[in-house]
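Data first, discussion second: the structure below is written as C-alpha cells.
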Amino acid sequence: MKHQLYEGVLTARDAKRHIPHPFTVPEDAVRLTLTLRFSPYQVHNATNMLTLTLFDPAGFRGAGHRGGDEHTVQIGPATATPGYEPGPLPPGEWIAQIDTHMIMPGEPVRYTLFVEIEQGAPEPVSAPASPRRPVARQGPGWFRGDLHSHTDHSDANRSVAELVQAARTAGLDFIFLTDHNTVSGLAEMQSMGDERLLAAGGIELTTFWGHALVLGAHTWVDWRFRPGAGDITRIAVEAAAHGQLFIIAHPQSLGDPYCTGCIWRYPEMMPGVAQLVEVWNGPWAGDSNNEPALALWYDWLNQGLRLVATAGTDTHGNDDYAQRPGFSIVYADELSEEAILRAVRAGHLYLSAGPTLHFSAQNDAGRSWTLGDEVDQPATLTVSWRDCPPGAEARLLANGRLWTAWPCEAPGERRWPVTPALADWYVVEVRADNGELLALTNPIFFAS
C-alpha cells in the first residue's frame with residue numbers, strides 16, 4: 001500500500017484555476033482511492049466549490065463535478081466512482097487536478113488530498129460488453145425529447161437507469177445524457193436504448209466562464225480554457241466537423257457565486273461561430289433567466305444570424321419532469337442519434353411544455369417549407385395548434401415584433417399571405433395567461 005498526502009491553502013485569488021497534484025502509480029497497482037477534503041464549505045449564503053479531475057498517463061480518467069466539502073474517488077479494474085472510468089491502472093505519472101470553481105472572499109480555504117494506492121496481484125476482469133448503439137426507429141416523424149440531462153456521474157442525485165426510467169415515464173422519444181465535464185455514463189446510457197426510447201449522449205462543458213453542450217460527443221472534451229484564447233471557437237468548429245452539435249447553454253442564467261460559471265462570458269462567442277443556443281432551460285419561470293435568453297436570440301436573429309433555438313430540461317432529479325419544463329420536438333428522418341442531430345442543426349424543431357404547434361409556408365404551386373427553412377418567394381404562412389390551456393394566447397412574431405395574436409384554447413388553424421419584403425423571419429409563440437412561454441417555434445426565414 002502506498003500513500004501520499006497533499007495540503008494547501010487557497011484564497012479568492014486562486015478561484016478559477018486548475019491545480020495539478022502529480023503522483024506515481026507502480027506496476028502492481030490494483031486499486032486507487034483519492035479523498036479531497038476542504039474547509040470552509042458554506043460562506044454566508046454561498047459555497048466554495050472544489051472538484052477533482054483525474055488523468056492517467058494516457059489522458060482523461062474521469063471527473064467529479066459535484067458539490068460538498070469531501071470528495072472520495074475509487075477506481076479499480078471493474079468499477080469506479082460515478083464520473084470516473086474503471087479499468088487497468090497503467091503505471092507512471094498520474095495527475096489529480098483540483099478545479100477551483102468558486103472560492104469566496106474572506107476566510108482562506110484549507111484542503112487536504114489523500115492518495116492511497118493498493119498493490120497486489122491483478123484481479124481477473126471479464127471483458128466489458130460493447131455498448132449497444134441506440135436502435136433507430138425507422139421512418140420520419142415528430143419526436144419529443146430532452147437535449148440536456150444529468151446523473152450521479154456529475155451533480156445529479158440519481159443513476160443513469162433512473163434517468164432513463166424517468167424519460168420513459170414522461171413518454172419521451174429521446175434523451176441525451178450531458179453530464180458535467182465527463183462522459184463516463186455514456187456506455188451505460190447507450191446500452192439502455194431501444195425502439196421506444198433513443199438513449200443518446202454528449203457532454204456539458206462546464207467552464208469557469210460559461211456552459212455549452214456538445215451533443216453527439218462520446219469522448220471527453222477538454223474544457224480548460226479562458227475567454228479570448230480561441231479555444232471555445234475551435235471546439236465549436238471541431239464539433240460541427242464531426243457531426244456534433246455545440247449549443248450555448250442557458251446563456252443568461254444566474255452566475256457566480258450561486259451557479260458557478262453558468263452565465264455565458266465568452267465575448268468571441270456572442271455568438272461567434274455558434275449555430276445553436278438553449279433559450280429554454282428547465283421550467284420557463286425558473287432561475288435560468290429564460291426570458292432574457294429568448295430576447296438575446298431574437299436580437300441575434302435580427303442581426304442576420306441564423307441560430308437554432310433549443311430547449312433542455314437540465315434535469316437533476318426524478319421530479320423535474322413534473323415541473324412542466326420545455327422539451328424539444330424534432331422532425332427527423334428517423335429516431336436515431338445521427339438523424340436527431342441533423343434535424344436539430346437544420347432548425348426542424350419547436351419547443352414546448354405541452355402545446356402542439358405546426359408552422360409552415362406554402363406557395364400556390366404546392367411547394368412547402370418548414371421550420372428552419374428559407375423561403376425566396378411570396379408564400380402563405382400556416383399555423384395549427386392544439387393542447388393549449390385555458391387563457392393561453394398564440395402570437396405570430398415578425399422580426400421579433402408582434403404581428404398578430406389570438407386565443408388558442410380551442411384547437412385551430414390560421415393562414416397569412418406574406419412576401420419576402422415584409423420580414424426576414426417569423427416565429428410562433430404560445431403564452432399562458434400569466435405571460436409564461438408554453439411553446440415556441442424555430443423561424444421560417446425569408447430571403448431579402
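Yes or no: Leu301 at pLDDT 95 or above and either buried (at least 17 other Cβ atoms within 10 Å of the Cβ) or part of a helix (DSSP H, G or I) (or both)? Criteria met by Leu301. Scanning region 330-341 for residues that are surrounded by fewer than 22 Cβ atoms within 10 Å (Cβ to Cβ) and not charged (D, E, K, R) gives Tyr331, Ser336, Ala339, Leu341. Residue count for region 223-234, restricted to those that are in a loop (DSSP other than H, G, I, E, B) and more than 24 Å from Ala200 (Cα to Cα): 7. Identification of strands (runs of 3 or more DSSP E) wholly contained in region 375-428 with 1 or more residues that are modelled with pLDDT of 95 or more and among the hydroxyl-bearing types (Ser, Thr, Tyr) yields 379-386, 401-407.
Table: residues versus (1) at pLDDT 95 or above; (2) in a strand (DSSP E or B).
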| site | (1), (2) |
| --- | --- |
| Ile203 | yes, yes |
| Val214 | yes, yes |
| Ala236 | yes, no |
| Phe246 | yes, yes |
| Ser253 | yes, no |
| Cys259 | no, no |
| Trp264 | yes, no |
| Glu268 | yes, no |
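Can you tell me which of Gly68, Gly62 is surrounded by 14 or more Cβ atoms within 10 Å (Cβ to Cβ), on the phi > 0 side of the Ramachandran plot, within 23 Å of the chain's Cα centre (by Cα) and not in a strand (DSSP E or B)? Give the derivation first.
Working: Gly62 fails: not in a strand (DSSP E or B).
Result of the check over Gly68, Gly62: Gly68.
Considering (1) out of contact with any His (no Cβ under 8 Å at 6 or more places or on another chain); (2) farther than 24 Å from Val183 by Cβ; (3) crowded, with 16+ Cβ neighbours inside 10 Å, the lone condition that Glu107 does not fulfil carries the number (3). The lone criterion from (1) buried (at least 22 other Cβ atoms within 10 Å of the Cβ); (2) under 23 Å from His101 (Cα atoms); (3) not basic (Lys, Arg) left unmet by Ile175 is number (2). Being in contact with a strand residue (DSSP E or B) (Cβ under 9 Å, 6 or more places away or on another chain), of a type in the set (Gly, Ala, Ser) and buried (at least 19 other Cβ atoms within 10 Å of the Cβ) holds for only one residue in Gly391, Gly354, Gly400, Gly372, and it is Gly372. Somewhere in region 185-195, is a residue assigned by TED's automatic domain parsing to the domain that holds Asp299, at pLDDT 95 or above, within 17 Å of the chain's Cα centre (by Cα) and part of a loop (DSSP other than H, G, I, E, B)? The answer is yes; a qualifying residue exists. Here is the figure for region 120-172: residues that are outside any helix (DSSP H, G or I) and modelled with pLDDT of 95 or more total 22.
The values are calculated or read from the model by the stated rules, or taken from the named source; none is laboratory data. What you are looking at is a predicted structure, and each value in this text was computed from that prediction instead of being measured. All Cβ positions, even for glycine, are placed from backbone atoms using ideal geometry, and neighbour counts span all protein chains on display.
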